[in-house]
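Contents: one structure, followed by commentary.
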Amino acid sequence: MKAKNPGVPGLVRVSRNGKRFFSDDYKRAIVEKCLVPGASVSAVALAHGFNTNLVRNWISKHQARQGRGRPGTQLVPVTVIEAPEAGARVEPMRAARSEFPAGSIEIEIAGARIKVLGQVDAEQLRVVFEALRAPR
């Protein structure tokens, strides 16, 4: 199908009400740019002239088709507790061993505590650390 506006990459057609339709390949290319570690979905969307929510919708659909995440990786529950104010004394967290399931990990970085509960493997921990390193 030929695009009505050949100057817009990936455009398949424009409906009477102005809604634009883009090819699946073009949407996939935009989504892959967003999934690069450290990429900002907002920046990628704006650079291509799209609303961020539209691109997030494309990402959700892409991940649903892909089975979400990397093969064999399960998401684990993570709790992030706000860091105390600068200069505040941070007491070490002491808890009974039975409070945390076997295999759980608690990490304290710059006064913020991160709990990863349940059986934790190296791949899951890598995903958590990548999320922490990603620029905001």
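Between Arg16 and Ala122, the modelled label-to-label distance comes to 6.1 nm, taking each label 7 Å out from Cα in the direction of the beta carbon. Once backbone amide H atoms are built at 1.01 Å from N, Ser40 has no partners under 5 Å, excluding neighbours fewer than 5 places away on the same chain. For the range 39-47, 3J(HN,Hα) computed residue by residue from phi via the Karplus equation (6.51, -1.76, 1.60; θ = phi - 60°) reads 6, 9, 4, 4, 5, 5, 4, 5, 5 Hz, glycine and proline entered as x.
Readers should treat all values here as calculations from the given coordinates under stated rules, not as data from a laboratory. Keep in mind that this is a model prediction, so the values were computed, not measured. Counting neighbours? That spans all protein chains shown, and the Cβs are built from the backbone with ideal geometry, glycine included.
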